[in-house]
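Quick notes on the structure that follows.
The values are calculated or read from the model by the stated rules, or taken from the named source; none is laboratory data. Values in this document were obtained by computation on a predicted structure and should not be read as measured data. For neighbour counting, all protein chains shown are included, and Cβ atoms are generated from backbone atoms with ideal geometry for every residue, glycine included. Areas reflect the complete protein model, heavy atoms only, side chains present, ligands, DNA and RNA absent. Shrake-Rupley method; radii C 1.70, N 1.55, O 1.52, S 1.80 Å.
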Amino acid sequence: MNTIMKEYMDKISFGDMQVHDSVAVIPLVMTNGIGPEYFTLKEALASDLLTISELTEGGHVPELKVQNRAEKPVLIIDGEELSGAKQNRVLNTTILLKEQSETVIPVSCTEQGRWSYRSAHFEESGHIMSAKLRRVKNRSVMESLKFCRGFQSDQGAVWEEIQAQSEKARVSSPTHAMKDIHEARENDLDAYLEYFTMVPDQKGLIVIVNGDVAGLDMVSQADTFKVLYSKLIKSYIMDAILERPAKGKAPGLDKAKAFLDEIITAGEQTYDSVGYGRDFRYEGKKLVGSALVHEDAVIHMAFFRTTQAEKSGFMAGTSRRRNFRQ
């Protein structure tokens, strides 16, 4: 692991574990503020500093065009959903958009059954795709990068997982939209939020579901985390409410600490980011993850627990599909 990431990981402290039903959340705390200032997607759109549109009038599924009119960079994190235009999309990787810039960004479709304009531009949907969907997508993006195809996802695998999630949630969406699943279970998601609260200097979280680590997210600024907190924690809770609760598997800090140790020893590869910084990719026996590093600061990192069966299934699926479907 590179020095910047290693030093960053060493500075992370755990807050008190918060538990409700099958979910445990451990706040990740870091008191020193580091790195450049930036707007979040929500802040930039609300201030009319950002315009996101189809790449062309006809549209192109895996790419969108973003105009940043702000005097500061804008952070869009992996898995954040954009709704509108010809179909809803999510970011394939975390991007720190340069100020006063126009950028083509890599995305995946989360609304298979629509290809017609609903609006001229995209807005923030208020959702981040669930941790399971993110790790499926991220693994395929990692494979794409290895073969010099850029930040592409396996679109077919994304659609398959959204369909599986829809069936578990018992949601029938006319356009097979991930957004419809989240909105249908909004009351369930909100009910969980009552049991989890932010703590001072919190910049991230580790989430444990059914006694096992699901993953973690962490950003460089506490103010950024405040903006992202609600939809970020809901992305993990979504998986929890769709999975059958396991009995006899208690959450523990030892599992969270072991997960951080695995991250430090995971294999690492680095690529040029779409915007500012370098995009780091990580893979271990039981995890997959990524981090965006800029100006010697870790802007955002996300890691997810995987299983050997899931990894084997992904490789078999990739072999069947050969090329990523667009």
Among the residues of segment 310-320, is any modelled with pLDDT under 95, assigned to a loop (DSSP other than H, G, I, E, B) and open to solvent by 50 Å² or more (accessible area, probe 1.4 Å)?
no
Just checking, does segment 196-208 include any residue being open to solvent by 50 Å² or more (accessible area, probe 1.4 Å) and either more than 30 Å from K72 (Cβ to Cβ) or assigned to a helix (DSSP H, G or I) (or both)?
no
Which number in (1) over 15 Å from M198 (Cβ atoms); (2) of a type in the set (A, V, I, L, M); (3) open to solvent by less than 70 Å² (accessible area, probe 1.4 Å) marks the one condition that A250 misses?
(3)
Return yes or no: is N2 open to solvent by less than 40 Å² (accessible area, probe 1.4 Å) and touching a residue at least 12 places away in the same chain (Cβ under 8 Å)?
yes
Checking G58 against (1) modelled with pLDDT under 95; (2) touching a helix residue (DSSP H, G or I) at 6+ places or on another chain (Cβ under 9 Å); (3) among the small types (G, A, S), which single condition isn't satisfied?
(2)
Surrounded by 14 or more Cβ atoms within 10 Å (Cβ to Cβ), modelled with pLDDT of 95 or more and touching a Leu at 6+ places or on another chain (Cβ under 6 Å): does that describe Y271?
yes
Wholly inside segment 123-187, helices (runs of 4 or more DSSP H) that include 3 or more residues that are open to solvent by 10 Å² or more (accessible area, probe 1.4 Å) and in contact with a strand residue (DSSP E or B) (Cβ under 8 Å, 6 or more places away or on another chain) are 131-146
What are the residues in segment 25-44 that are within 17 Å of L232 (Cβ to Cβ) and at pLDDT 95 or above, if any?
V25, I26, P27, L28, V29, Y38, F39, T40, L41, K42, E43
For segment 16-37, the count of residues that are under 25 Å from Y192 (Cβ atoms), outside any strand (DSSP E or B) and open to solvent by 30 Å² or more (accessible area, probe 1.4 Å) equals 3
